[in-house]
Amino acid sequence: VYRLKAKNPNKFIGINGGIQSLEEALQHIEHVDGAMLGRAAYHTPGILAGVDATFYGDKPKTFDFAALIDAMADYAARHIDGGGRLGHVTRHMVGLFHGLPGARRYRQILSTDATRPGAGPDVLKAAFAAVDFSGTDAEAA
C-alpha cells in the first residue's frame with residue numbers, strides 16, 4: 001500500500017486490514033492518506049473515543065455513561081415497540097466496555113438475558129450496572 005501511494009501521490013490511498021490500535025493507525029498515516037480500524041472499532045468501540053486526541057491533538061473528552069445508558073435504553077424500547085427484539089440491538093454492543101472491570105458480566109448479561117423472548121430495556125440497564133466506570137475519565141451512572 002505504501003508503494004502504491006508513492007506511485008500515486010495525488011490519489012487518496014487508505015490502508016485497511018489488521019489495524020488494532022490508534023497508535024498503529026497513526027504510524028500508517030505517515031505513509032498513506034487514511035487508515036481504517038474496521039474490526040477493532042467494532043469489537044472495542046471505546047477505541048474511537050481517543051481519535052480526536054490522537055490524530056488532532058484535541059483535549060481528551062469525558063464520556064457521560066449515564067446519558068449513554070438512557071439513550072440506548074430509549075432506543076431499545078423504540079426498537080422493541082416497533083416489533084424488534086432486544087438482541088437485535090445488543091449484539092452490536094457486546095464489546096463496548098472491553099477492558100473495564102465488570103465487562104465480562106456485562107457481556108454475559110447481553111449474551112444470555114438480552115436474547116430471551118420478551119427481554120426489554122431493563123436487561124440493558126442491568127448489563128450497564130455490572131460495569132465499574134470508576135477508573136475511567138467519565139461520568140458514571
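The values are calculated or read from the model by the stated rules, or taken from the named source; none is laboratory data. No experiment lies behind these values; they were computed from the predicted model shown. Because the Cβ atoms are built from the backbone with ideal geometry, glycine has one as well, and the counts that use them run over all protein chains shown.
Table for the structure above
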| item | result |
| --- | --- |
| Residues that are within 26 Å of Gly38 (Cβ to Cβ) and touching a Leu at 6+ places or on another chain (Cβ under 7 Å), drawn from segment 87-123 | Thr90, Met93, Val94, Ala114 |
| Meets criteria (aromatic (Phe, Trp, Tyr) and under 25 Å from Ser21 (Cβ atoms)) for Tyr106 | yes |
| Any chance Ala103 is touching a Pro at 6+ places or on another chain (Cβ under 6 Å), at pLDDT 90 or above and in the same structural domain as Asp132 (by TED's automatic domain parsing) | no |
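Yes/no matrix, rows are residues, columns are (1) modelled with pLDDT of 90 or more; (2) assigned by TED's automatic domain parsing to the domain that holds Ala129; (3) charged (D, E, K, R):
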| position | (1), (2), (3) |
| --- | --- |
| Leu22 | yes, no, no |
| Ala49 | no, no, no |
| Asp52 | yes, no, yes |
| Asp70 | yes, yes, yes |
| Asp81 | yes, yes, yes |
| Thr115 | yes, yes, no |
